[in-house]
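Down below is the structure, laid out as structure tokens.
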Amino acid sequence: MRFQAPRGTNDVLPEDEAYWSFVRRTGERMAKLFGYGRIETPMFEDARLFLRGVGEGTDIVEKEIYIFDDRGNDRLALRPEGTANVCRAYLEHGMQSLPQPVRLYYVSPVFRYDRPQAGRYRQHTQLGVEAIGDGSALIDAEVIDLLASFYDALGLSGISLHLNSIGDAECRPGYIEALRAYYKDKLDDVCKDCRSRYEHNPLRLLDCKVERCQALAVDAPSIGEHLCAACAEHFSSLQGYLTALEIKFELNPRLVRGLDYYTRTVFEFQPPEEGSQSVIGGGGRYDGLIELLGGKPTPATGFGAGFERIIINMKRQNTPVPEAGTPRVYVAHASEAAREAALQLARELRRADIATVVGGSGRSLKAQLRHAGGLDVRYAAIIGDRELSANEVTLRSMDDGEQRQVARDELLANVAD
Ligand SMILES: [Zn+2]
Ligand SMILES: [Zn+2]
């Protein structure tokens, strides 16, 4: 039997490390520049947190959540998104008593039993931020600015921002009524999923990916005309802030996002080539979630941005990334007697912060140097019987093959530059 990574998962190999470390570093740098502090929560939680927080009628909870009973018969779920768990931590650690909003970010994997396809993985890593405890449109503009700045800093171009408001408890029920009225006599024409959405989550009729459903959504009533005065004012302030920040956006009345907890602002960033199937980040406001999880009413906003899809788009756009460092020195031994000296030398170099690889025991010097060439190191430091007795090292520059003798205690100075 040969084992393989589970369907819909992928291994991140060293050759992709340049991308991964650049994206991770840039995301963290950007979050910190905006004053967000890091939070990490467990990969699994009490399943009820997500069933309640994300919503029973959503695709995530109905089809995609990894749920299991552990050995103590506790029902747990791998986190299918990053927000409900951060809100749980906000409540559990009494962050309501801190100055608001509390600005948090995380870089962590999320898990969904999704249909595997390009850029959609059952485990993917995302940068998420949550700003909890402030209901103003200014903070919506801030998280959108943060995400747009992240894409800019990665060198991605042509990313478009799609924006909508889906109202709140005041005005959404009226809109949903209008939506149901529109779809009432069209249920034979929509897909099976949409018939169930009509009952449980009618907003999601608008962003179904099935072609005939999309065609029907074009003439569906638009939320814009149903927003209450407070929601309309919030939405117009947000657009004003984005304009002041010179962040371009497109209003998209059919953008609703897949989660129940959103209120007012929702947004998505799309890469140039494809449509909403390939969204590389998005989020919105979720003013009702904390209360739903047992806290006092607390407005909040945030986003999640998946690294895998970002990296796919960086590769597509040939975005340059800083090289991942390769080891600098390869320590080769030219005789059996020099093996221990090779290990000691490598340890000295590493303690001086110089990345060093040691040649494998039982390989000829020639094989070790070929190996060193393949690793793209700058120097090979060779120790054999002659070097041992002279307390020297033969230092070979891998670029030009030039070799010289260096006193053992001067090696560091010669490879450090
Ligand atoms: Zn549909
Ligand atoms: Zn409203």
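Nothing in this text is a laboratory measurement; each read-out follows from the coordinates by a stated rule. On a predicted model such as this, the values are computed, not experimentally measured, just so you know. Reconstructed Cβ throughout: ideal geometry from the backbone, glycine too, with neighbour counts over all protein chains shown.
Between region 193-233 and region 40-83, what is the C-alpha centre distance in whole Å? Between the Cα centre of region 193-233 and that of region 40-83, the gap is 26 Å. The chymotrypsin sites (Phe, Trp or Tyr not before Pro) of region 1-65 that DSSP puts in a loop, and whose beta carbon has at most 14 other beta carbons within 10 Å, are Phe3. Rounded to the nearest whole Hz, the Karplus-based 3J(HN,Hα) values (6.51 cos²θ - 1.76 cosθ + 1.60, θ = phi - 60°) of region 74-84 follow the sequence 8, 8, 10, 9, 5, 5, x, 6, x, 8, 4, with x at glycine and proline.
Loop-resident GluC sites (Glu not before Pro) (DSSP state other than H, G, I, E or B) in region 300-401 with no more than 14 further Cβ atoms inside 10 Å of their Cβ: Glu323. Based on alpha carbons, the Rg and Dmax found for region 329-416 are 11.4, 30 Å. Here, region 82-139 is characterised by an Rg to Rh ratio of 1.10, where Rg is the alpha-carbon radius of gyration and Rh the Kirkwood radius. Given a cut-off of 30 Å, name the pairs among Lys32/Lys209; Lys63/Lys186; Lys209/Lys296 whose C-alpha atoms lie farther apart than that in the structure shown. Flagged as over cut-off: Lys32/Lys209; Lys209/Lys296. Of all the options Gly304, Gly55, Gly374, the one that moves most in a Gaussian network model of the chain with Cα springs shorter than 10 angstrom is Gly374.
Hey, what does the equivalent ellipsoid look like for region 128-219, semi-axes from the Cα gyration tensor as sqrt of 5 times each eigenvalue, largest first, whole Å? Could the numbers behind the result be given before it?
Numbers: eigenvalues 206, 72, 21 Å².
Calculated on Cα positions only, the semi-axes equal 32, 19, 10 Å.
I'd like the orientation of helix 172-183 relative to the chain: the angle between its Cα long axis and the longest Cα principal axis, in ° from 0 to 90, rounded to 10. Value to nearest ten degrees: 80. A DSSP coil position with no more than 16 other Cβ atoms inside 10 Å describes the following GluC sites (Glu not before Pro) in region 75-173: Glu170. Using C-alpha pairs below 8 Å separated by at least 6 residues, the relative contact order for the chain is 16 percent.
Summary of the geometry: region 344-387 and region 132-171, compared by the centres of their Cα atoms, lie 50 Å apart. Computed with the Debye formula from one identical point scatterer per Cα of region 97-180, without solvent, the log10 of I(q)/I(0) at q = 0.10, 0.19, 0.21 Å⁻¹ comes to -0.43, -1.15, -1.16. Computed over the alpha carbons of the chain, Rg followed by Dmax gives 27.5, 93 Å. Can you give the Rg to Rh ratio of region 13-172, both from alpha-carbon atoms, with Rh computed by the Kirkwood formula? My calculation of the ratio gives 0.97.
Under the definition of Cα pairs under 8 Å and six or more residues apart, what whole-number percent is the relative contact order of region 329-416?
Numbers: 132 pairs, mean separation 27.1, N = 88.
Relative contact order comes out at 31 percent.
Normalised Debye scattering of region 191-251 at q = 0.14, 0.16, 0.22, 0.24 Å⁻¹ gives log10 I(q)/I(0) of -0.58, -0.70, -0.91, -0.95, counting only Cα atoms as equal scatterers and leaving out solvent.
Ordered by residue, what ³J(HN,Hα) values in Hz, to whole numbers, does region 158-164 give under the Karplus form 6.51 cos²θ - 1.76 cosθ + 1.60, where θ = phi - 60° and Gly and Pro are x? For region 158-164, the Karplus curve yields x, 7, 10, 9, 10, 9, 7 Hz. Residue-wise HN-Hα couplings along region 28-38, as the Karplus relation 6.51 cos²θ - 1.76 cosθ + 1.60 with θ = phi - 60° gives them from phi, are 5, 4, 5, 4, 5, 4, 8, x, 8, x, 6 Hz; Gly and Pro carry x.
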